[in-house]
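Notes to accompany the following structure.
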Amino acid sequence: MTPAPASLSLRHALLAVVVMAVWGSNFVVIRVGLDHLPPLTFAALRFALAFFPAMLLVSRPNVSWRNLASYGLLIGGGQFGLLFIAMNGHITPALASLVVQMQVFFTIGLAAMLSGERVRPFQFVALGIAVAGIALIILNTDAMTTPFGLALVLAAALCWAGGNIVVRSSPKADMLGYVVWASPFSVVPLIAAALMLEGPGAMAAGIANATPATWAAVLWQAVGNTLFGYAVWGWLLSRYTVASVAPMSLLVPLFGIAASAAFLGEPLQAWKLEAMTLVLLGLFINLMWPRASAMLRRREAPDAT
């Protein structure tokens, strides 16, 4: 089996940046949807629309139902169920967009433990710098962020990491079909949890009171975030090493904080800018170190001969 490339091509890196912009701005969209819909109901609607009517147009990929179920449970039932609950009054959109990026470190750690994928020294340095940025955000929590909210988002990050590992086990699968046909495995547990924790009355009232903006948020979640974002993300993960792809998601909080400040008026204090700088520096080192090293080796090659 040919080893996965250790660094993204420029074209694929730019594609990943587009996905990160969609995901980052999505935290503002989530906040809009939660104004009327209970969190688990909102998440269930998102994945229901990601499945239907797309399932009529997209064939089921050639992977096992167990694989699809594992991905659907982890990404839908785990990551977004927990994230939506946390964002329903327990954590701000900007901070949620940062803390959930712990998935980068969870993903690389799981890959190292489960498949022996090597993490190179410069990646430890890059991730350490990025962790410092996230730690700075966590240390500056206020009344708008609770320990419960932080714990939920960290659990969501771990579920995201698990989903990343699952999708890498099917590198040849059509990723759009993969995301579509994994979605019903998100819907079922989310509806079950909503019935137990929110109740049929709250679910029905939320849907009845939903505004056009609410439904636009649900549609954006289904099409932009899920069908486009996760299909491209899974495609990249299936073709490159986890350590080269996963850190790209550190751009999500940069877009998330900027969108929260622009559209929700969330304060952009100096410490947030400092944290964003650390995160961006860690990402830059992780992406550019292999290119710089390769360029240096090419320059030194003639001298060696």
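Here, each number is a calculation from the coordinates, and none is a lab measurement. Source: prediction; values computed, not measured. Glycine gets a Cβ as well: all are built from the backbone with ideal geometry, and neighbour counts include every protein chain shown.
Summary table below
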{"read-out": "For the chain, with +1 on Lys and Arg beta carbons and -1 on Asp and Glu, the positive-most of Met144, Pro247, Ala50 along the dipole", "value": "Pro247"}
{"read-out": "For segment 255-295, fraction of C-alpha pairs farther apart than 14 Å, in %", "value": "58"}
{"read-out": "Size-normalised alpha-carbon gyration radius of segment 24-174, reference 2.2 N^0.38 Å", "value": "1.14"}
{"read-out": "Mean Cα-pair separation over length for the chain, i.e. relative contact order, pairs under 8 Å, 6 or more apart, %", "value": "40"}
{"read-out": "Alpha carbon centroid spacing (whole Å) that separates segment 131-200 from segment 27-41", "value": "15"}
{"read-out": "Isotropic mean projected area of the C-alpha convex hull, segment 107-207 (nm²)", "value": "9.9"}
{"read-out": "Linear extension gain, Ala208 paired with Phe52, 0.36 nm per residue minus alpha-carbon span", "value": "54.1 nm"}
{"read-out": "222 nm mean residue ellipticity, helices alone, for the chain (DSSP H n ≥ 4; -39,500 (n - 2.57); rounded to 500)", "value": "-22500 deg cm²/dmol"}
{"read-out": "Degrees between helix 200-209 axis and first principal axis of the chain (Cα, 0 to 90, nearest 10)", "value": "80"}
{"read-out": "Degrees separating the helix 147-168 axis from the principal Cα axis of the chain, which is the longest one", "value": "60"}
{"read-out": "Centre separation in Å (Cα based) which lies between segment 203-223 and segment 242-257", "value": "27"}
{"read-out": "Order by protection proxy (mean Cβ within 10 Å, highest first), peptides 216-223, 100-107, 8-15", "value": "100-107, 216-223, 8-15"}
{"read-out": "Compactness of the chain as Cα Rg over 2.2 N^0.38 Å, two decimals", "value": "1.01"}
